[in-house]
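Single-structure report; data block below.
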Amino acid sequence: MTERYDAKESEARWQAVWDERGTFVVAPDPERPKYYVLEMFPYPSGRIHMGHVRNYTMGDVVARYKRARGFNVLHPMGWDAFGMPAENAAMEQGVHPGSWTYENIAAMRGQLRSMGLSIDWSREIATCHPGYYRHQQAMFLDFLESGLLYRASGWVNWDPVDRTVLANEQVIDGRGWRSGAPVEKREMPQWFLRITDYAEELRAALATLERWPDKVRTMQENWIGRSEGLRLTFPIVGREAGLDIYTTRHDTLFGASFCAVSPEHELAAGIARENPEIARFIEHCRRTGTSEAAIERAEKLGVDTGLRVRHPFRPEVELPVYVANFILMEYGTGAIFGCPAHDQRDLDFARRYGLPVPPVVVPRDADPAGFAIADEAYLGDGILANSDFLDGLTVADAKEAMARRAEADGTGRREVNYRLRDWGVSRQRYWGCPIPVVHCPCCGIVPVPRAALPVVLPDDIDFETPGNPLDRHPSWKRAACPGCGGAAERETSTLDTFVDSSWYFARFCSPRADAPVDREDGAYWLPVDQYIGGVEHAILHLLYARFFTRAMTGHGELDLAEPFAGLFTQGMVCHETYRTQDGEWVPPVEIAEGQDRQKLRAATGEPVIVGRSEKMSKSRRNVVDPEDIMETYGADTARWFMLSDSPPDRDLEWTEAGVAGAWRFVNRMWRLVADPGRAVAPPGAAMPDGVAGDPALGEIRRAVHKAIAGVTGDLEGFRFNRAVARIHELVNLLADFDAAGAAAAWVRREACETLALLAGPMVPHLGESLWRLLGHDGLLADAPWPESDPVLTRDEIVTVAVQVMGKTRGTIDLERDAAQEAAEAAALALPTVTAALAGRPIRRIVFVPNRILNVVA
RNA sequence: GCGGGUGUGGCGGAAUUGGUAGACGCGGCGGCCUCAAAAGCCGCUGUCCGCAAGGACUUGCCGGUUCGAGUCCGGCCACCCGUACCA
């Protein structure tokens, strides 16, 4: 008999069979229910990494499982092919971003194919292909026409040395990553999509996404950040105008001790013209860049403008106006009033600049006269004090009273605000979807006629100098104005790659259609039933795709409420880290084990320092190449290990020992079925008479049917690690099952077939091999999912734990659903129970049928 | 800073969702097979006390609710993800 399973040979063979038969090529079929499984498509970086292997394995398990359940499964693959890495490669290696990208796609396609994924490759798309982005350009024009898209000025990180716009990740400690020069915030004309028009709808519809993780819905809800507040005007002393502020804590208005405006506020700009200190401060704030994290983490600083504003309800009170670096121009009006007693940031600010801290909300159990604020602002509920007409009210009532008064006398009005900002979609880069407009000195911004789409990127570009090659291209920019025919210039910015990934899920329905999405195909396949990807996309990508779905529906390009009916977010793949004594990172492939199991650098024999497990990354060199693993053990082993142990939504720790264990188990399943010493009944044989009466065979069948029920539930619930454990249990049991005879042979067929079917979605090549061993001519991929017999999955005898005062002292075996009296009698007869009771009288007995009996003494 | 999450044996994790904590795997120890090894097979393996029977302790830390808490509540600590131009 074959000692070992030849994974390489088998995997190549089955992949060829699936390919030849077109097993996974699908078309709409109104007769069958559809199921659309989608994993987040990869950026073509050059090679797949373990994160991809994990993501696509999970998706494939779902796709193959649903297929076995009779669904018409759409499972496509494509490439998120525009983006910065291609430009960086062009700069560093002198290759063209296009050829670099297409070569990477070819390499990664080969790697993904070797994983044996049940993908319909005929639907493959790449976002950098004109066949894809021409539709995006057409939609851009639709959105421009309807006003959903507009041009306005926006802030960018500007590298003054390289004279180029930097992404936030290219700004390191306030400096450009290449030039090292301090970056500055700069205002530039940009294109924006009015996602804020949909803020309320995007927020409200989160409630309909029942198959999304709560955490993602919460994150989106907080990101959209609906708030109900008050917009108020503080009259400026000595000026006609007032200062508009927005607040959600209008109950604390009488606790105001200053006002503050953003460094980008027009008021600040005005004063800066006469006040060099303010000008210097604004200049200083510009160097923080545009990243919210950097701005919020910077030390809270401000400068007094010298302006004074009058308290709207206490005209005799004048408050100073500061320019402060922690006020965001993007939120509210870019100006606030500071109430230090009840806001931590305001308190820190007030302490630093010696401003008063009058408390106006007093906790219910505190004495209003003695209540003072030390280092911590009081954020809780309480009773208003020192607040004129609000005194004695609760926070909620005070908000209401203040809003009413402000609206009545015209000092302010209620306003619903959102933290969400409009989506800036233009990028000053080459490798992205060209924006199809021209700038005409006479006609202004003119859309490129639809017949002239796509506007294609020029190939002859140079990356010798930093910045956008489209800007300095000798001819590409020049165009005739479609309006007046005069000389005009093309728009040289391209679209954010988040635009590309906002509708690719829909394009897969009809990847070669003349419209972005064919109406009938879209109606059949959409929405995506199960979307799978990393949590890192929980907010931006998913929110943009939800918005884009609405925008497309609004423009007649789609008819869909939400793009992703079900969402699953997977964890990262981690690995131990190794460093030499000198601190040099050592990759796992270079690690060997010494005699005392100490980890050594193989080449030198020097011991390495083992660090904690971290996300696989180039910088820590703790990356394991999936191709090496698949070369050594085969795709099934890599897939099996990916699904073992770690729950899919948590981080997975890749270990060499774990993979070896997975490989041993793949072989074990093979040997179990291939063993000629264990007779198996032919396919489709009827159950012999001997099966029903045999208790030993009954136990095997019980285990088999429990495995079916268990694995089915686990796959439905994304508990792949549990499913793997159950298959282990089944195999452990079957390994001991060596009975002979016709009845045993029939039971063995049922068991082995079940094993192949249950493991099939996870290790599909092995599954097909087992299926063939069991005498089937057809493919496992076409076989239906097994059904469990409810009679066999139910235990008639259950073990019930017996506790005394909540501590387990023994167990009793009872008939299922046994009455309390029977349970009590059996429990109180246990010597361990009587010993624990030590003669004390029983006060109470808590009995949960089939679970537990607790004696309280 | 803000928003969201995670924390259980030497390690990855399981736990019917408030009911026997540690399934399954990895590692380790012992044995079988072998001239030997690899592969495979069998057994043991949370910690502490005890020759043993047995007992005590144990789910990041502190406190609470409950007959009963890994699970619920309050407060901390550590790490991870996002923070709008990385994808």
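No value in this document is a laboratory result; all are computed from the given coordinates. This is a predicted model, so every value here is computed, not measured. Glycine also receives a Cβ, built like all others from the backbone with ideal geometry; neighbour counts cover every protein chain displayed.
Bridging of A:Lys599 to aspartates and glutamates at a Cα separation below 19 Å is possible for A:Glu576, A:Asp582, A:Glu584, A:Glu590, A:Glu614, A:Glu653, A:Glu656, once same-chain residues fewer than 8 apart are set aside. Evaluating kT/(6 pi eta Rh) at 25 °C and 0.890 mPa s, with the Kirkwood radius of the range A:649-790 over Cα pairs in the Stokes-Einstein relation, gives 156 µm² s⁻¹. Centroid-to-centroid, using Cα positions, the range A:389-457 and the range A:142-209 are 13 Å apart. Summary of packing: across the peptides A:20-29, A:840-849, the per-residue average of other C-beta atoms within 10 Å ranks them, highest first, as A:20-29, A:840-849. Tally Lys and Arg at +1 and Asp and Glu at -1 over the other residues with C-beta under 10 Å from the C-beta of A:Val237: what net charge comes out? Net charge around A:Val237: +2. In straight-distance terms, cross-link reach from A:Lys706 covers every one of the lysines whose alpha-carbon lies under 27 Å from its own, apart from those fewer than eight places away in the same chain; here that gives A:Lys66. Simple point charges give the picture: +1 on the Cβ of Lys and Arg, -1 on the Cβ of Asp and Glu, and for the range A:82-161 a dipole about the Cα centre of about 200 debye. Take every Cα pair under 8 Å whose residues are at least 6 apart in sequence, average their separation, divide by the length of the range A:431-550, and the relative contact order is 25 percent. Dividing the Cα radius of gyration of the range A:235-371 by 2.2 N^0.38 Å, with N the residue count, gives 1.07. Straight-distance candidates among the aspartates and glutamates for linking to A:Lys477, with alpha-carbon spacing under 16 Å and chain neighbours fewer than 8 residues away dropped: A:Asp459, A:Asp460, A:Asp462, A:Glu489, A:Glu491.
Simple point charges give the picture: +1 on the Cβ of Lys and Arg, -1 on the Cβ of Asp and Glu, and for chain A a dipole about the Cα centre of about 440 debye.
For the listed peptides A:604-611, A:188-195, a ranking on the average number of other beta carbons within 10 Å per residue, highest first, reads A:188-195, A:604-611. Of the Cα atoms belonging to the range A:105-165, the radius of gyration and Dmax stand at 19.1, 50 Å.
Considering only A:Ala89, A:Ala27, A:Ser45, and ranking their Cα positions along the charge dipole of the range A:9-106 that arises from unit charges at the beta-carbon of Lys, Arg, Asp and Glu, the one farthest toward the positive end is A:Ala27. Loop-resident trypsin sites (Lys or Arg not before Pro) (DSSP state other than H, G, I, E or B) in the range A:547-610 with no more than 15 further Cβ atoms inside 10 Å of their Cβ: A:Arg597.
Electrostatic bookkeeping for A:Leu792 treats Lys and Arg as +1 and Asp and Glu as -1; over the other residues with beta carbon under 13 Å from its beta carbon, the sum is -2.
Cα-based radius of gyration for chain A, normalised by 2.2 N^0.38 Å, reads 1.17. Summing Lys and Arg as +1 and Asp and Glu as -1 over all other residues whose Cβ lies under 12 Å from the Cβ of A:Phe641 gives a net charge of -1. Derived scalar couplings between HN and Hα for the range A:437-445 equal 9, 10, 9, 10, x, 8, 9, x, 7 Hz in order, rounded to whole Hz, by the Karplus curve 6.51 cos²θ - 1.76 cosθ + 1.60 (θ = phi - 60°), x for Gly and Pro. Once a ≥ b ≥ c are taken as the square roots of the eigenvalues of the Cα gyration tensor of the range A:38-158, is the result rounded (a/c under 1.5), prolate (a/b larger than b/c) or oblate (a/b not larger than b/c)? The shape class here is oblate.
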